[in-house]
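To keep things clear, I will list the structure first and then write my remarks on it.
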Amino acid sequence: MTNDELIALVALNGPDATYDARLSGYDITVPVQIQGGDGHHVIKHLVKPMFFSGAMIIDVKLLNADARHHE
């Protein structure tokens, strides 16, 4: 995913939204959250202490939107 796509996801779903992300080169999905700001974002694994760049993410599925963002 591009940085612009990550920025759009944060703008649309809020900074606390969680996603199920499919990783490039792996046949798995992992629960993640997009973190960062000022146009620079990283993907944080929700369970393990791991971070991914947007380039490693093939696609995401929204698991939980930021409830405060939609009020």
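The values are calculated or read from the model by the stated rules, or taken from the named source; none is laboratory data. Keep in mind the model is a prediction, meaning the values are calculated, not measured. Cβ coordinates were reconstructed from backbone atoms using ideal geometry, including for glycine residues, and neighbour counts include every protein chain displayed. Protein only, heavy atoms only, side chains kept; ligands, DNA and RNA dropped before computing areas. Shrake-Rupley method; radii C 1.70, N 1.55, O 1.52, S 1.80 Å.
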Can you pull out every residue in the stretch 30-55 that is open to solvent by 70 Å² or more (accessible area, probe 1.4 Å) and either aromatic (Phe, Trp, Tyr) or under 12 Å from the mean Cα position of the chain (by Cα) (or both)?
46, 51, 55
When every residue in the stretch 11-29 that is closer than 18 Å to residue 65 by Cβ and among the hydrophobic types (A, V, I, L, M, F, W, C) is compared, the one most open to solvent (accessible area, probe 1.4 Å) is 12
